[in-house]
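Trainee: Structure provided below as structure tokens; questions to follow.
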Amino acid sequence: MSTAEIEITVRAPRFEHASTPHNWLPNNPELGYRLNGGSLTLPYLEPYLIRVMRMAREQLAEGAAESLELPRQALLRDIDLFNGQEAAHFKIHRAYNDFLRERYEGLEALEAELEADFARFLREESLEWNLGYSAGFETTGMMMAELFFGEAEPGMKDAAPSVHGLWAWHLAEEYEHRCVAFEVFRAMGGGYFRRVELFFYQARHLASFGERAAALMMEQDRAAGLLPEATEITPARKRLASSMSRATRWRVLRGVLPGHNPRRHGPIAAADAFLATLEYA
Ligand SMILES: [Fe+2]
Ligand SMILES: [Fe+2]
């Protein structure tokens, strides 16, 4: 697939959260709360990604590169589009996070921990390490988009449109820029074992935060009677959970094999169809 076939567009849609229910994804509450936890990471994670990509951009613009899969100018342009999309993501998620922080107690302490982690990564780790973390997260973002528009879809019925729309937009754009951090990491000399090591590192790092934040929100909603103690496990819910976990295991395996290349992943029709429905400034 050539560069021209993957278009990256920066959009800034609006989502109104005032009437969003606590359990916004009633047919898959666990995923809904995990996505809430994920949303809280973004105003720390995405500015970090932007800073890492800017550092790499400076070096690439000055001629540094061990190998280039794209012409240098195309790679620099992709970095700018990547940064434009990530900047819109964390700003728009921040409005939802403010809303979550008003609803739930104790999120700030978790957020402070994450903020300190990213500051430490920038201070203590090499650019290659930080690019590996960024490329690892980009692979996660791509897998999340495939899951969200694929196996998770049957659970999206009755989702609150505001939060569903927020994630559909974000993940569709994550899918658009699925090659950028990967190609920058490789251009700057990042190797296979580093990529795999940091893929698992970032996955564990972010999951640990997201799971704690999700558990905190679920506990408070259960205590307030806004989320049933145990939701009935219907055959459809069981099928959904097992198809999602099977697909995730398979995608992780494929993503860490040496032949992984996001450029070989074709467009997701449902993601493109969703983006076409968005009105944005
Ligand atoms: Fe993003
Ligand atoms: Fe991204």
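Trainee: Is it the case that the stretch 64-86 has a residue that's within 13 Å of ligand 1 (Cβ to nearest atom) and either modelled with pLDDT under 95 or among the charged types (D, E, K, R) (or both)?
Mentor: yes
Trainee: Are there any pairs with C-beta distances below 6 angstrom linking a residue in the stretch 168-179 that is closer than 23 Å to Leu75 by Cβ to a residue that is surrounded by fewer than 24 Cβ atoms within 10 Å (Cβ to Cβ) and small (Gly, Ala, Ser), with the two at least 6 apart or on different chains, and if so which?
Mentor: The qualifying pairs are Ala172/Ala271; Glu174/Gly141; Tyr175/Ala271.
Trainee: Is at least one residue of the stretch 183-202 within 28 Å of Arg77 (Cβ to Cβ), small (Gly, Ala, Ser) and either free of Cβ contacts under 8 Å to residues at least 60 places away in the same chain or not in a loop (DSSP other than H, G, I, E, B) (or both)?
Mentor: Looking for residues that are within 28 Å of Arg77 (Cβ to Cβ), small (Gly, Ala, Ser) and either free of Cβ contacts under 8 Å to residues at least 60 places away in the same chain or not in a loop (DSSP other than H, G, I, E, B) (or both), one finds at least one in the stretch 183-202, hence yes.
Trainee: Which one of these does Gly190 not meet: (1) closer than 13 Å to Gly132 by Cα; (2) touching a Ser or Thr at 6+ places or on another chain (Cβ under 8 Å)?
Mentor: Failing condition for Gly190: (2).
Trainee: Cβ-Cβ distance below 6 Å, separation of 6 or more or different chains: which pairs start in the stretch 139-153 with a residue that is under 17 Å from Val256 (Cα atoms) and away from ligand 1 (no atom under 13 Å from the Cβ) and end on one that is among the aliphatic types (A, V, I, L, M) and not in a helix (DSSP H, G or I)?
Mentor: none
Trainee: Answer yes or no as to whether Leu166 is buried (at least 17 other Cβ atoms within 10 Å of the Cβ), part of a helix (DSSP H, G or I) and of a type outside the set (Phe, Trp, Tyr). Give the derivation first.
Mentor: On the way: buried (at least 17 other Cβ atoms within 10 Å of the Cβ): yes; part of a helix (DSSP H, G or I): yes; of a type outside the set (Phe, Trp, Tyr): yes.
Considered against the rule, which asks whether it is buried (at least 17 other Cβ atoms within 10 Å of the Cβ), part of a helix (DSSP H, G or I) and of a type outside the set (Phe, Trp, Tyr), Leu166 comes out as yes.
Trainee: Only one of (1) part of a helix (DSSP H, G or I); (2) charged (D, E, K, R); (3) under 20 Å from Pro262 (Cβ atoms) is not met by Arg51, so which one is it?
Mentor: With (1) part of a helix (DSSP H, G or I); (2) charged (D, E, K, R); (3) under 20 Å from Pro262 (Cβ atoms) applied to Arg51, the lone miss is (3).
Trainee: Would you pick out the residues in the stretch 204-247 that are among the hydroxyl-bearing types (Ser, Thr, Tyr) and modelled with pLDDT of 90 or more? Give the steps one after another, and end with the answer.
Mentor: Going residue by residue through the stretch 204-247, those that are among the hydroxyl-bearing types (Ser, Thr, Tyr) are 208, 231, 234, 242-243, 245.
Across the stretch 204-247, the qualifying residues are Ser208, Ser242, Ser243, Ser245.
Trainee: Can you tell me which of Ala223, Ala247, Ala203, Ala214 is touching a Phe, Trp or Tyr at 6+ places or on another chain (Cβ under 8 Å) and under 22 Å from Asn36 (Cα atoms)? Reasoning before the result, please.
Mentor: Values: Ala223 fails: touching a Phe, Trp or Tyr at 6+ places or on another chain (Cβ under 8 Å); Ala247 fails: touching a Phe, Trp or Tyr at 6+ places or on another chain (Cβ under 8 Å); Ala203 fails: touching a Phe, Trp or Tyr at 6+ places or on another chain (Cβ under 8 Å).
Exactly one of Ala223, Ala247, Ala203, Ala214 is touching a Phe, Trp or Tyr at 6+ places or on another chain (Cβ under 8 Å) and under 22 Å from Asn36 (Cα atoms), namely Ala214.
Trainee: Which ones in the stretch 1-54 are among the β-branched types (Val, Ile, Thr), over 22 Å from Ala95 (Cα atoms) and within 18 Å of the chain's Cα centre (by Cα)?
Mentor: If we filter the stretch 1-54 for residues that are among the β-branched types (Val, Ile, Thr), which is where we start, we get 3, 6, 8-10, 20, 41, 50, 52.
Filter once more, keeping what is over 22 Å from Ala95 (Cα atoms): 3, 6, 8, 52.
Scanning the stretch 1-54 gives Ile8, Val52.
Trainee: Please go through the stretch 72-116 and give me each residue that is aromatic (Phe, Trp, Tyr) and either within 20 Å of the chain's Cα centre (by Cα) or on the phi > 0 side of the Ramachandran plot (or both), ordered by number. Spell out how you get there, then give the answer.
Mentor: Let us first name the residues in the stretch 72-116 that are aromatic (Phe, Trp, Tyr), namely 82, 90, 96, 99, 104.
Scanning the stretch 72-116 gives Phe82, Phe90, Tyr96, Phe99.
Trainee: May I ask you to verify whether His89 is buried (at least 16 other Cβ atoms within 10 Å of the Cβ), closer than 30 Å to Gln220 by Cα, of a type outside the set (A, V, I, L, M, F, W, C) and within 16 Å of ligand 2 (Cβ to nearest atom)?
Mentor: Details: buried (at least 16 other Cβ atoms within 10 Å of the Cβ): yes; closer than 30 Å to Gln220 by Cα: yes; of a type outside the set (A, V, I, L, M, F, W, C): yes; within 16 Å of ligand 2 (Cβ to nearest atom): yes.
Judged against the criteria, His89 is a match.
Trainee: Looking only at the stretch 58-94, count every residue that is touching a residue at least 60 places away in the same chain (Cβ under 8 Å), within 22 Å of Gly191 (Cβ to Cβ) and part of a helix (DSSP H, G or I) and tell me the total.
Mentor: Residues that pass the stated criteria total 6.
Trainee: Report, by residue number, each residue of the stretch 95-141 that is part of a helix (DSSP H, G or I) and either touching a Gly at 6+ places or on another chain (Cβ under 8 Å) or of a type in the set (Phe, Trp, Tyr) (or both). Write out each step before concluding.
Mentor: Taking the stretch 95-141 as the starting set, the residues that turn out to be part of a helix (DSSP H, G or I) are 95-103, 107-124, 127-141.
Listed by number, the residues that qualify are Tyr96, Phe99, Phe118, Phe121, Glu128, Trp129, Leu131, Gly132, Tyr133, Ala135, Phe137, Thr139.
Trainee: All but one of (1) buried (at least 17 other Cβ atoms within 10 Å of the Cβ); (2) closer than 19 Å to Glu115 by Cα hold for Leu75, so report the exception by its number.
Mentor: In the conditions (1) buried (at least 17 other Cβ atoms within 10 Å of the Cβ); (2) closer than 19 Å to Glu115 by Cα, Leu75 misses (2) alone.
Trainee: Can you pull out the residues in the stretch 87-113 that are within 27 Å of Val252 (Cβ to Cβ) and more than 15 Å from ligand 1 (Cβ to nearest atom)?
Mentor: Leu110, Glu111, Glu113
Trainee: In the stretch 211-252, which residues are outside any helix (DSSP H, G or I) and β-branched (Val, Ile, Thr)?
Mentor: At the first step, the residues of the stretch 211-252 found to be outside any helix (DSSP H, G or I) are 224-234.
If the condition is that a residue be outside any helix (DSSP H, G or I) and β-branched (Val, Ile, Thr), then Thr231, Ile233, Thr234 are the ones that fit.
The values are calculated or read from the model by the stated rules, or taken from the named source; none is laboratory data. Note that the structure is a prediction, hence the values are computed from the model and not measured. When we count neighbours, we look across all protein chains shown, and the Cβ atoms used for this are built from the backbone with ideal geometry, even at glycine.
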